[in-house]
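Below is one structure, written out as structure tokens; the observations come after it.
The values are calculated or read from the model by the stated rules, or taken from the named source; none is laboratory data. This one's a predicted model, so the numbers in the text were calculated from it and none came from an experiment. A quick note on method: Cβ atoms are made from the backbone with ideal geometry, for glycine too, and the neighbour counts reach across all protein chains shown. With ligands, DNA and RNA removed, areas are computed over all heavy atoms of the protein, side chains included. Shrake-Rupley method; radii C 1.70, N 1.55, O 1.52, S 1.80 Å.
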There are 2 protein chains.
Amino acid sequence: MTRLAVIGLGLIGGSLARALRAAGRVSHIAAYDRDPEQGRRGLELGVIDRFAGDAASSARDADVVVLAVPVLHTAEAAEAVRAGLSDRTILMDVGSTKVSVLGDITRVFGDLPARFVAAHPIAGTEKSGVAASRSELFRGHRVVLTPHAGQDPGALATVRSLWESVGARVVEMDAACHDAIFAATSHLPHVLAYAFVDMLTRLPNAADIFPNAGGGFRDFTRIASSSPEMWHDIVRANRVEVTGLLERQIGELQELLALMKDERWPELLMRFERARAARERHLSQIE
Amino acid sequence: MTRLAVIGLGLIGGSLARALRAAGRVSHIAAYDRDPEQGRRGLELGVIDRFAGDAASSARDADVVVLAVPVLHTAEAAEAVRAGLSDRTILMDVGSTKVSVLGDITRVFGDLPARFVAAHPIAGTEKSGVAASRSELFRGHRVVLTPHAGQDPGALATVRSLWESVGARVVEMDAACHDAIFAATSHLPHVLAYAFVDMLTRLPNAADIFPNAGGGFRDFTRIASSSPEMWHDIVRANRVEVTGLLERQIGELQELLALMKDERWPELLMRFERARAARERHLSQIE
């Protein structure tokens with residue numbers, strides 16, 4: 001049985017707490033959040049057992065400490081929790097970018113602690129906060145671990161086992177490779193969805209547009225309801241990959257615009273067909 | 001009781017046939033499609049009563065004839081069905097663009113027939129074909145009618161009543177206004193979704209990308225599984241509105257790219273916040 005501490009009690013931290021409790025893997029859950037309201041809700045909902053006044057005291061006596069903060073707060077959270085960690089404590093993050101997190105942890109500790117495990121659960125919703133957390137959030141979803149050179153095998157095995165106990169499928173990959181892949185599957189789509197809705201709000205007929213939106217619009221823009229702070233942090237933390245892909249996307253759109261203006265319709269149709277075929281071919285792989 | 005003829009037996013034509021039958025509004029349903037396989041499936045599934053060898057003979061004796069073809073086939077379908085129409089026949093389309101349809105119908109008939117009613121149901125899925133049709137497709141969704149100057153009020157009332165009987169909420173607007181609105185809510189998002197997936201297929205690490213896509217990706221790209229031919233037709237038929245918005249969208253993305261490159265992060269966050277707030281504010285209006 002594990003004693004868990006969650007630093008940052010939001011959707012992911014709260015859901016992991018609920019899921020590990022439901023799986024019977026934790027004996028005690030402490031938490032810290034800079035927003036006391038999250039703590040109050042977490043206690044009220046039975047998600048956590050104790051809300052601490054600071055990060056370090058929430059981590060004291062914990063076997064596993066999870067940093068579940070927006071990625072740009074990783075260094076600050078690690079620094080704050082540091083005094084509460086023992087030699088045995090496993091420290092894990094759940095951030096959507098991995099190169100920046102490994103860099104932040106290295107800066108705080110002087111090197112990458114053997115018992116630090118970098119994790120990224122590929123699960124979430126556009127909702128935020130502990131009130132939106134649920135124990136089934138990770139079931140059937142991937143969790144990517146990006147082990148580092150000095151990784152303690154026991155810590156890695158424990159983290160893998162915890163995620164598997166909540167129904168996740170654990171895969172391992174290199175941190176840089178992770179950031180390139182998730183810039184494409186997740187970070188860029190968020191930028192594109194925000195940009196699309198933002199463009200609409202600036203149109204002269206904006207007031208007529210939203211009432212006439214249908215199901216396609218709702219799904220296409222769902223991720224534009226995600227936490228702006230969280231996604232600002234992710235884009236900023238992974239800016240080299242995201243800007244590279246955004247440039248490619250602008251290039252693709254300029255090509256499509258030229259096809260439309262030059263009335264090269266068969267080529268436009270070919271692009272649509274290629275996209276549909278790729279999505280359909282890979283659909284079974286999408287969780 | 002109405003005798004119905006459906007020209008183009010796909011998702012929308014098939015669903016309207018099923019829905020009107022379920023509502024007890026039709027006594028007989030004939031259909032024509034250039035693909036005999038759709039006719040065979042339509043008969044097998046009980047969606048239609050008769051599959052005709054040509055469009056005009058399917059329309060003979062019908063009270064209401066529905067053109068449910070990709071929008072660029074409107075003129076061809078109207079021409080083909082023309083000999084089967086009487087003075088009493090109501091002719092309706094279900095196309096996603098309205099200015100082009102009114103132009104096509106005018107060219108075929110020499111003017112806009114009083115008993116032609118332009119309609120656009122804001123419903124659909126990314127699936128195609130009569131096998132994907134379902135009687136509940138329109139329930140709770142909007143149908144936009146764009147009446148023209150010489151519109152027969154009785155034909156308009158009949159069409160309104162048919163859509164309401166299948167659970168749709170009917171609104172009326174000007175055709176040009178319709179095309180500007182739906183370029184924003186529907187046509188451009190399809191172009192953006194196709195362009196995004198197409199860009200990914202051209203990346204060197206494309207094979208690693210799709211298996212790591214999650215729920216956000218799935219929803220954001222769902223409309224990229226829509227019929228390429230149908231959306232090619234819509235974009236082409238509404239190219240002035242769509243290219244204008246695509247230019248705006250490229251401009252928005254270039255602004256975001258500049259914010260990222262210049263590290264003007266608070267401004268990026270402000271854009272994300274503005275987009276999220278707009279979507280959340282209007283969410284209750286989205287069907």
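Kindly establish whether residue B:220 is open to solvent by less than 10 Å² (accessible area, probe 1.4 Å), in contact with a strand residue (DSSP E or B) (Cβ under 8 Å, 6 or more places away or on another chain) and either in a helix (DSSP H, G or I) or more than 7 Å from every other protein chain (Cβ to nearest Cβ) (or both).
No, not satisfied.
From the set of residues in the range B:229-240 that are closer than 16 Å to residue A:254 by Cα and open to solvent by 20 Å² or more (accessible area, probe 1.4 Å), which is farthest from the other protein chains (Cβ to nearest Cβ)?
This residue is B:240.
Could you say which residue among B:246, B:268, B:256 is modelled with pLDDT of 95 or more and either within 29 Å of the chain's Cα centre (by Cα) or open to solvent by 10 Å² or more (accessible area, probe 1.4 Å) (or both)?
Of the residues listed, the single one that is modelled with pLDDT of 95 or more and either within 29 Å of the chain's Cα centre (by Cα) or open to solvent by 10 Å² or more (accessible area, probe 1.4 Å) (or both) is B:246.
Which of the following residues is out of contact with any Lys or Arg (no Cβ under 8 Å at 6 or more places or on another chain), more than 16 Å from residue B:13 (Cα to Cα) and polar (S, T, N, Q): B:96, B:57?
One residue alone meets the criteria, B:57.
Is the range A:252-265 home to any residue that is polar (S, T, N, Q) and either without any contact (Cβ under 8 Å) to a residue 12 or more places away in the chain or within 7 Å of chain B (Cβ to nearest Cβ) (or both)?
yes
For the range B:205-217, what are the residues that are assigned to a helix (DSSP H, G or I), among the small types (Gly, Ala, Ser) and facing chain A (nearest Cβ under 7 Å)?
Matches in the range B:205-217: B:215, B:216.
Tell me the residue from A:276, A:281, A:202 that is among the charged types (D, E, K, R), in contact with a Phe, Trp or Tyr (Cβ under 9 Å, 6 or more places away or on another chain) and more than 7 Å from every other protein chain (Cβ to nearest Cβ), please.
A:281
Answer with yes or no whether residue A:195 is farther than 30 Å from residue A:151 by Cβ and facing chain B (nearest Cβ under 7 Å).
Yes.
When only residues in the range B:119-135 that are among the aliphatic types (A, V, I, L, M) and touching a strand residue (DSSP E or B) at 6+ places or on another chain (Cβ under 6 Å) count, which is nearest to residue A:280 (Cα to Cα)?
This residue is B:122.
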